[in-house]
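To keep things clear, I will list the structure first and then write my remarks on it.
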Amino acid sequence: MRILVTGASGVLGMAVYSAFKSAGHTILGLAHSRATDELKKVDLLNQVETEGVFTEFKPDWVIHCAAERRPDVAEKDPERARRLNALVPRHLAQLSKSLKYMLIYISTDYVFDGTSPPYTPSSPTHPVNHYGETKRDGEVALMEVGASRNVVLRVPVLYGPAPNNSDTAVNILIDVVADQSGKKYNMDHYATRFPTNVVDIAEFLVRLSERPASSPIPPILHYSAPEPFTKYEMCLIFSKILGLPHEHIVPDANAPTVCAL
């Protein structure tokens, strides 16, 4: 199969690119600010440029990992977040109708408010911040375009191999644990998340692509690890792995909110 991965320089995109390449597929990875010799630089906000690349490559599957994934950045530049997270998916869904590819749109548990877990693919969405709203709008765009080969894959907070620990909300906790300078950290011990390894998601996508055509894929899927942790609990795990003390990390324990897929 011919596989195109957007956001292939990101943590999830790198894992997806690597998994499909290892599985023997013909693959094209797209990136923007972190493009390399192996990854093609494309501005997905430029529709003409995007259409040209997609038309030339003729993908069978497009896995759309590119996004503004940082809630704080989405709040600071809401229009850019909306364009990346909602308008780009709409354009890719429209392209899928003419180019006949399967589009997998990577979404998030931020489309829910965390008050009524566990969530299923049919649960009503209710985002509580701009990032969640834009990702929800991207999902709606796929459904409105209506192509039968558009699929939403919601995933929770991610971890895995990354160029920088700051690239994921889980990996960054390694730096917190490793900071033995005496600085104190108040750490979230109330919001329960389900950290999921990007390698597992990538391997799931490879298996999904190998399903027979007679076995249709539902329009919305959830993929999540089963174990719940707060950020404080994640820090304790990293502390044990690294063999470092954790007394500088103080649990901030309020009423828990669970965000479970």
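The figures follow:
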{"read-out": "Residues (closer than 21 Å to Thr26 by Cα and either modelled with pLDDT under 95 or among the hydrophobic types (A, V, I, L, M, F, W, C) (or both)) located in the range 60-92", "value": "Trp61, Val62, Ile63, Cys65, Ala66, Leu92"}
{"read-out": "Selection count, the range 212-237, where residues are closer than 18 Å to Pro156 by Cβ, out of contact with any Pro (no Cβ under 7 Å at 6 or more places or on another chain) and surrounded by 12 or more Cβ atoms within 10 Å (Cβ to Cβ)", "value": "7"}
{"read-out": "Residues (under 17 Å from the mean Cα position of the chain (by Cα) and part of a loop (DSSP other than H, G, I, E, B)) located in the range 43-77", "value": "Leu44, Cys65, Ala66, Ala67, Glu68, Arg69, Arg70"}
{"read-out": "Filter pass, Glu247 being surrounded by fewer than 17 Cβ atoms within 10 Å (Cβ to Cβ), out of contact with any helix residue (DSSP H, G or I) (no Cβ under 8 Å at 6 or more places or on another chain), farther than 23 Å from His126 by Cα and modelled with pLDDT under 95", "value": "no"}
{"read-out": "Contacts under 7 angstrom Cβ, first residue in the range 86-102 being β-branched (Val, Ile, Thr), partner not in a helix (DSSP H, G or I), 6 or more apart", "value": "Val88/Leu44; Val88/Leu45"}
{"read-out": "First in the range 130-149 and in the same structural domain as Leu95 (by TED's automatic domain parsing), second anywhere and crowded, with 18+ Cβ neighbours inside 10 Å and of a type in the set (Asp, Glu), Cβ under 8 Å, 6 or more apart", "value": "Tyr131/Glu68; Thr134/Glu68"}
{"read-out": "Residue check, Val155 closer than 20 Å to Thr192 by Cβ and modelled with pLDDT of 95 or more", "value": "yes"}
{"read-out": "Complete set of residues in the range 78-118 that are in contact with a Phe, Trp or Tyr (Cβ under 9 Å, 6 or more places away or on another chain), surrounded by fewer than 21 Cβ atoms within 10 Å (Cβ to Cβ) and either in a helix (DSSP H, G or I) or not aliphatic (A, V, I, L, M) (or both)", "value": "Leu99"}
{"read-out": "Unmet requirement for Ile27, which otherwise passes all of (1) hydrophobic (A, V, I, L, M, F, W, C); (2) crowded, with 16+ Cβ neighbours inside 10 Å; (3) not in a strand (DSSP E or B)", "value": "(3)"}
{"read-out": "Selection count where residues are in contact (Cβ under 8 Å) with a residue 60 or more places away in the chain and part of a strand (DSSP E or B), scope the range 175-216", "value": "7"}
{"read-out": "Residues being within 14 Å of Glu133 (Cα to Cα) and of a type in the set (Val, Ile, Thr) - total across the range 62-80", "value": "1"}
{"read-out": "Residue that is nearest to the chain's Cα centre (by Cα) [pool: residues in the range 139-190 that are surrounded by 13 or more Cβ atoms within 10 Å (Cβ to Cβ), among the hydroxyl-bearing types (Ser, Thr, Tyr) and more than 17 Å from Ser239 (Cα to Cα)]", "value": "Thr168"}
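The values are calculated or read from the model by the stated rules, or taken from the named source; none is laboratory data. All values derive from a computational prediction rather than experimental measurement. Cβ coordinates were reconstructed from backbone atoms using ideal geometry, including for glycine residues, and neighbour counts include every protein chain displayed.
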